[in-house]
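The values are calculated or read from the model by the stated rules, or taken from the named source; none is laboratory data. This one's a predicted model, so the numbers in the text were calculated from it and none came from an experiment. Because the Cβ atoms are built from the backbone with ideal geometry, glycine has one as well, and the counts that use them run over all protein chains shown. All accessible areas refer to the heavy atoms of the entire protein, side chains included, with ligands and DNA or RNA removed. Shrake-Rupley method; radii C 1.70, N 1.55, O 1.52, S 1.80 Å.
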Amino acid sequence: MAGMPLSGAFSAYAAPEPQQQSQTAATIQGTVYDENNEPVIGASVVQKGVKTNAVATDAFGNFKIRVTPGTPLEISYVGYQTSTVKAAEGMSVYLAPTTEMLNELVAIGYGSQKRANLTGAVASVNVGQTMESRPVTDVAKALQGAVPGLTITSANGSIEGNPTINIRGVGTLSNGHSSSPLIVVDGVPVEDMSFLNPDDIEEISVLKDASSSAIYGSRAAFGVILVTTKTAGKQDRVSVNYTNNFGWGSATILPEFANTVDQLQFGLLDTRVGAERECFSMYYKSVLPFAKAWQEQHGGKPYTSLVELKPFESWDNVGDYWIPNGATHLPGMPDERLEAGRYLSYADWDVKKTLFQTAPSNKHNVSVEGTSGKTNYRLSFGYDGREGLMKYSPEKFRRYTANASVTTQIFDWWKAGARFNFSDREFENPNENRNAYQYLWRWPGFWENYGTITDEEGVARTFRNTIGIRENSHKDKTVTTSTRMQAFTVFTPFKGFTLQADFTYSLRNQNSDSAGVPYKLYDNWFPGSGSTIAWYESYTQAKSYAAQSNYRDTMWAANVFGTYDFKVADDNNFKVMLGWSAEEEEYRYFYAQRMGLVDYNLPNINLTNGDNYTTSGTHTHRATTGFFGRINYDYKGIYLLEVNGRYDGSSRFRK
């Protein structure tokens with residue numbers, strides 16, 4: 001889904017005089033890599049002295065630029081030294097990080113390290129640039145294209161779906177298992193990042209290879225994504241910050257639909273010899289004359305919204321549908337077959353404009369930061385609201401977040417703090433019992449018939465199509481709340497030694513309500529009685545149902561680790577880290593469904609009288625504990641050595 005934020009910029013440039021190019025100019029192709037031999041995405045490639053002849057590298061670090069072979073090219077990227085090279089076909093360019101970037105501290109497992117001393121493949125994300133420049137509210141989707149080798153794939157356009165994350169491609173083809181990386185937020189593994197507010201993230205690091213992720217053990221076989229949330233920093237005064245974003249999203253690519261006449265004519269051309277082209281006994285040869293007359297009388301302009309349909313009156317006013325009343329022929333109509341009792345619909349619809357909307361979204365964030373004595377604090381509140389692409393009964397998503405962080409310097413050698421994170425997510429969608437996208441592409445618009453006809457009771461009823469089913473279905477609702485509380489402390493009793501400890505308790509609850517309620521629509525799938533259109537009823541009272549599900553997931557995690565940084569004979573630098581961690585998680589799930597709704601306006605299990613029940617449940621428990629360690633050595637910052645180790649015990653592998 002493409003989005004458009006309510007912000008923009010306009011720039012105007014005077015066009016320079018065209019540069020005279022040599023007759024030997026050619027299209028030069030090349031690839032730009034970083035110091036880890038990873039492709040650099042979005043690097044700038046400019047012909048030296050000619051700023052108008054510039055391109056950027058693609059997702060694989062490749063570029064194409066038209067210059068004379070041997071022409072100097074300037075290749076640059078944020079955080080790397082600009083490289084000037086001569087153009088040559090198939091060239092490979094390696095960018096070196098700047099001195100500032102080499103001295104930058106990068107988050108790794110249980111600590112941080114200078115980029116210059118990294119031995120594994122670790123990439124850091126420029127959070128401010130990445131999150132602020134993209135009007136998305138999902139952290140995972142915001143990372144798309146931000147890190148070389150990190151692939152973010154969305155299987156569908158759902159506004160609440162979680163994308164698939166892979167580091168350096170697919171890691172396994174075994175039994176449908178995914179090769180998703182381990183996600184660690186503030187030192188604690190989590191299932192996904194959907195509960196995070198992008199505005200509350202301080203730092204993101206991606207550990208890509210085995211050497212960098214080994215500290216987390218077997219769970220990190222497919223890499224690690226480390227997320228650090230914002231903490232309180234020292235402030236001269238209390239600061240209040242408010243940001244917002246209003247956006248509108250639309251489908252990126254939708255197929256073009258032929259008009260009704262063209263669909264019918266092409267369908268007839270593809271008919272087998274001796275057969276008749278039809279759609280549930282609505283014969284194309286029968287519909288075509290009506291469709292041609294409708295197109296002429298409407299000036300070739302299709303409907304673009306739900307309208308009240310008009311019946312056939314004459315060939316000068318064909319309306320939108322025809323009920324035969326037992327007739328098989330109409331005066332003035334070509335002698336083609338009409339199915340007795342089968343109504344015909346032939347209005348033309350612009351399906352894209354009729355069914356899809358420009359989906360609105362908005363987000364708001366407020367944060368307060370300040371310092372009181374030796375205590376720093378930060379509070380933030382966020383709201384995110386989105387709608388789906390469907391115009392009628394669109395999916396609705398709302399998320400509320402609240403975060404608090406307090407840090408206090410008890411003594412010069414002792415610091416302590418706490419974090420609190422809360423997220424409440426609500427998702428509402430119609431229980432249409434079918435895939436709307438499949439059917440709107442599958443059936444022609446004239447047959448789906450996106451209009452209403454007023455029945456004998458004076459009720460404007462829709463047909464058995466995407467609009468009718470979505471508008472009349474029950475609106476299922478899922479509410480998910482996540483709460484995380486963390487306390488941490490840092491001791492530095494003497495130079496070079498740091499001892500850190502943290503304890504985290506998290507609770508996630510989800511409650512879902514679903515129902516299948518009866519409703520009545522005109523049935524365009526089957527013939528009527530000859531004088532009326534058939535009726536479609538979604539559920540009988542006996543088959544209507546109410547369902548509820550709930551899960552509760554609780555987990556606590558603890559980490560204690562110490563780091564000692566020292567030198568031997570000035571040129572030999574050592575950094576030794578040892579630690580212990582433990583986790584315990586309990587998961588409970590329950591589902592119940594009962595048939596026979598008593599009150600269709602209040603679908604609840606207590607208001608059912610059916611004899612059919614469906615129940616299921618799950619209860620799992622796991623616990624792990626382990627020891628880990630790392631030794632870093634460098635000689636004059638030139639020769640590097642890193643050794644990682646971890647030993648875990650799990651309740652899933654009991655003796």
**OP:** Look at Phe488 and say whether it is open to solvent by 20 Å² or more (accessible area, probe 1.4 Å) and hydrophobic (A, V, I, L, M, F, W, C).
**Re:** yes
**OP:** Quick one: in the stretch 433-483, of everything that is free of Cβ contacts under 8 Å to residues at least 60 places away in the same chain and more than 27 Å from Pro603 (Cβ to Cβ), which residue is least open to solvent (accessible area, probe 1.4 Å)?
**Re:** Arg442
**OP:** Please state which one of Ser581, Ser616, Ser549 is in contact (Cβ under 8 Å) with a residue 12 or more places away in the chain and loosely packed, with under 15 Cβ neighbours inside 10 Å.
**Re:** Ser616
**OP:** Give the residue, chosen from Arg588, Arg622, that is at pLDDT 95 or above, among the charged types (D, E, K, R), assigned to a strand (DSSP E or B) and farther than 22 Å from Pro518 by Cα.
**Re:** Arg588
**OP:** Exactly one condition in (1) part of a loop (DSSP other than H, G, I, E, B); (2) open to solvent by 50 Å² or more (accessible area, probe 1.4 Å); (3) more than 22 Å from Ala558 (Cα to Cα) is not met by Pro493; state its number.
**Re:** (3)
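Select, from Tyr519, Tyr539, Tyr589, the only residue that is under 30 Å from Ile159 (Cα atoms) and in contact with a helix residue (DSSP H, G or I) (Cβ under 8 Å, 6 or more places away or on another chain). Before the answer, list the steps.
Values: Tyr539 fails: in contact with a helix residue (DSSP H, G or I) (Cβ under 8 Å, 6 or more places away or on another chain); Tyr589 fails: in contact with a helix residue (DSSP H, G or I) (Cβ under 8 Å, 6 or more places away or on another chain).
Answer to the selection: Tyr519.
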Subject >> Failed criterion for Asp571 (all others in (1) open to solvent by 60 Å² or more (accessible area, probe 1.4 Å); (2) at pLDDT below 95 hold) >> reply: (1)
Subject >> Subset of the stretch 141-154 (residues that are of a type in the set (A, V, I, L, M) and either buried (at least 20 other Cβ atoms within 10 Å of the Cβ) or modelled with pLDDT under 75 (or both)) >> reply: Ala142, Leu143, Ala146, Val147, Leu150
Subject >> Checking Ala87 against (1) open to solvent by 40 Å² or more (accessible area, probe 1.4 Å); (2) at pLDDT 90 or above; (3) over 30 Å from Gly120 (Cα atoms), the condition it does not meet >> reply: (1)
**OP:** Kindly indicate which of Glu35, Glu74 is in a loop (DSSP other than H, G, I, E, B) and open to solvent by 40 Å² or more (accessible area, probe 1.4 Å).
**Re:** Glu35
**OP:** Please determine, by comparing only the residues of the stretch 283-315 that are without any contact (Cβ under 8 Å) to a residue 12 or more places away in the chain and over 23 Å from Thr462 (Cβ atoms), which one is least open to solvent (accessible area, probe 1.4 Å).
**Re:** Ser314
**OP:** For the stretch 371-381, state whether one or more residues are at pLDDT 90 or above, open to solvent by less than 20 Å² (accessible area, probe 1.4 Å) and either farther than 30 Å from Phe497 by Cβ or among the hydrophobic types (A, V, I, L, M, F, W, C) (or both).
**Re:** yes
Subject >> Where Thr608 falls short, out of the listed (1) more than 30 Å from Arg508 (Cβ to Cβ); (2) open to solvent by less than 70 Å² (accessible area, probe 1.4 Å); (3) more than 35 Å from the chain's Cα centre (by Cα); (4) among the polar types (S, T, N, Q) >> reply: (1)
**OP:** Please specify each residue of the stretch 382-423 satisfying the condition of being open to solvent by less than 40 Å² (accessible area, probe 1.4 Å) and in a loop (DSSP other than H, G, I, E, B).
**Re:** Gly388, Leu389, Tyr392, Ser393, Pro394, Glu395
Subject >> All positions within the stretch 304-323 that are assigned to a loop (DSSP other than H, G, I, E, B), farther than 16 Å from Leu288 by Cβ and of a type in the set (Val, Ile, Thr) >> reply: Thr304, Ile323
**OP:** Could you please let me know if Glu426 is in contact (Cβ under 8 Å) with a residue 12 or more places away in the chain, in a loop (DSSP other than H, G, I, E, B) and at negative phi?
**Re:** no
Original post:
Name the residues in the stretch 328-370 that are open to solvent by less than 30 Å² (accessible area, probe 1.4 Å) and at pLDDT below 85, would you?
Top reply: Leu330, Met333, Leu338, Gly341, Arg342, Tyr343
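Search the stretch 619-655 for residues being charged (D, E, K, R) and free of Cβ contacts under 8 Å to residues at least 12 places away in the same chain, and hand back the single one that is least open to solvent (accessible area, probe 1.4 Å). First the steps, then the outcome.
Step one: filter the stretch 619-655 for residues charged (D, E, K, R), giving 622, 630, 634, 636, 642, 646, 648, 652, 654-655.
Applying the additional criterion that residues be free of Cβ contacts under 8 Å to residues at least 12 places away in the same chain yields 654-655.
Numbers: Arg654: 190, Lys655: 247 Å².
Applying the filter and picking the extreme gives Arg654.
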**OP:** Please identify the pairs in which a residue from the stretch 203-218 that is surrounded by fewer than 21 Cβ atoms within 10 Å (Cβ to Cβ) has its Cβ atom under 7 Å from the Cβ atom of a residue that is not in a strand (DSSP E or B), counting only partners at least 6 apart or on another chain.
**Re:** Glu203/Val127; Asp209/Gly120; Asp209/Ala121; Ser211/Thr119; Ser211/Gly120
Subject >> Lone unmet requirement of (1) open to solvent by 80 Å² or more (accessible area, probe 1.4 Å); (2) over 37 Å from the mean Cα position of the chain (by Cα); (3) at pLDDT 90 or above for Tyr94 >> reply: (2)
Original post:
Just for strands (runs of 3 or more DSSP E) wholly inside the stretch 177-296: which have at least 2 residues that are out of contact with any His (no Cβ under 6 Å at 6 or more places or on another chain) and among the hydroxyl-bearing types (Ser, Thr, Tyr)?
Top reply: 224-229, 239-250
Subject >> Matching residues, the stretch 259-282, being open to solvent by less than 40 Å² (accessible area, probe 1.4 Å) and in contact with a strand residue (DSSP E or B) (Cβ under 7 Å, 6 or more places away or on another chain) >> reply: Met282
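Return the total of residues in the stretch 451-475 being outside any helix (DSSP H, G or I) and either under 12 Å from Tyr522 (Cβ atoms) or charged (D, E, K, R) (or both).
Residues of the stretch 451-475 outside any helix (DSSP H, G or I): 451-465, 473-475.
Still in the list and also either under 12 Å from Tyr522 (Cβ atoms) or charged (D, E, K, R) (or both): 451-457, 459-465, 475.
Result for the stretch 451-475: 15.
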**OP:** Go through the stretch 38-65 residue by residue and tally those that are touching a residue at least 24 places away in the same chain (Cβ under 8 Å), open to solvent by 30 Å² or more (accessible area, probe 1.4 Å) and part of a loop (DSSP other than H, G, I, E, B).
**Re:** 5
